[in-house]
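These notes are about the structure you will find just below.
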Amino acid sequence: MANPTPAEIEEKLRGENLNEWLRLWHTEQGPAKPQALKLIAAAIPFSIEQHLRVLDLGCGPGDAGRSIHSRFPHARIDFVDRNEFFVGLCSAVNRRDSIGGRTWVRDLSEPGWQRDLASEYDVAVAVNALHWLSIEQTTKLLAVVFQLLRSGGVFLLMEPVTAEPLFAPGFEAWQKEQPSQHSYENWQVFWSRVKALLGCDYGFLGDPNNQDSIGDTLSVKQWIRLLTNGGFQSIDILLRDAEKVVLASNKS
Ligand SMILES: C[S@@+](CC[C@H](N)C(=O)[O-])C[C@H]1O[C@@H](n2cnc3c(N)ncnc32)[C@H](O)[C@@H]1O
């Protein structure tokens with residue numbers, strides 16, 4: 001049986017407490033994420049009066065885009081994800097909160113995923129999403145993101161990272177002592193609630209066939225290299241903690 005469409009999912013979510021769904025997702029995403037999202041929104045170097053065009057890639061329920069909207073209330077945000085449940089939940093919350101923009105079910109690893117989207121975006125953002133792709137897919141994706149941005153537009157990303165090989169053993173030993181951001185139990189709670197609502201089992205987010213997904217194998221420098229190869233400039237490391245990096249870049 002085919003998965004329900006985002007519109008069907010939105011319908012199922014009509015009687016649901018959306019804040020409770022977001023709470024379950026935020027619990028799964030760990031306590032450090034809200035501050036990182038705040039930083040991403042804060043770093044966007046434009047006036048809060050501007051009617052920004054923003055693209056949230058691998059949006060999930062839409063945390064990153066809506067965090068940007070909370071600082072730029074006139075922004076229109078387009079949200080893209082391949083998971084129908086997330087797109088349905090994202091749409092339902094955006095409708096409730098009067099967030100302008102559209103949601104799209106698209107697989108970012110497929111050519112042409114950007115069809116019908118706007119161009120000349122001021123901001124693109126990807127949070128914990130690109131590492132589901134392979135390096136090759138990410139390289140192609142970054143080239144498209146570069147095209148979709150206007151000159152002067154910015155791209156911010158947050159992804160898991162490892163240390164450079166020389167420092168990795170020590171870093172990983174230290175990392176194990178840090179408070180964990182994610183638990184398998186919270187992941188299961190979220191997806192079993194989805195299953196109970198829809199009667200369909202997404203199981204997990206990733207593509208089981210994508211053995212080449214980046215995961216947490218890249219160092220900060222390697223992510224920067226991917227951005228540099230994609231043509232991005234003014235690349236800065238805004239944050240690096242035990243698990244992830246937040247990078248900012250622009251298309252000059
Ligand atoms: C850990 S979640 C993060 C979601 C969201 N950015 C957030 O911060 O809440 C990873 C997201 O990437 C999406 N994703 C993974 N591979 C994708 C692909 N090939 N195309 C589109 N979305 C993808 C998943 O569906 C999921 O929503």
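The values are calculated or read from the model by the stated rules, or taken from the named source; none is laboratory data. As the structure is a computational prediction, the values presented were derived from the model and not from experiment. In this analysis, Cβ positions are derived from the backbone assuming ideal geometry, glycine residues included, and neighbour counts consider all displayed protein chains.
What the table below lists for this structure:
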quantity: Qualifying residue in the stretch 182-205 (condition: farther than 25 Å from Arg82 by Cβ and in a loop (DSSP other than H, G, I, E, B)); calculated: no
quantity: Breaking point among (1) in contact (Cβ under 8 Å) with a residue 12 or more places away in the chain; (2) assigned to a helix (DSSP H, G or I), for Ala173; calculated: (1)
quantity: Residues of the stretch 34-51 classified as away from the ligand (no atom under 14 Å from the Cβ), β-branched (Val, Ile, Thr) and either surrounded by 15 or more Cβ atoms within 10 Å (Cβ to Cβ) or in a helix (DSSP H, G or I) (or both), total; calculated: 1
quantity: Test set (1) on the phi < 0 side of the Ramachandran plot; (2) touching a Phe, Trp or Tyr at 6+ places or on another chain (Cβ under 9 Å); (3) surrounded by fewer than 24 Cβ atoms within 10 Å (Cβ to Cβ) - Gly101 fails condition number; calculated: (1)
quantity: Count of residues meeting criterion [surrounded by fewer than 15 Cβ atoms within 10 Å (Cβ to Cβ) and over 19 Å from Ser192 (Cβ atoms)] in the stretch 1-14; calculated: 6
quantity: Test: residue in the stretch 196-214 that is under 22 Å from Glu110 (Cα atoms), surrounded by fewer than 12 Cβ atoms within 10 Å (Cβ to Cβ) and modelled with pLDDT of 95 or more; calculated: no
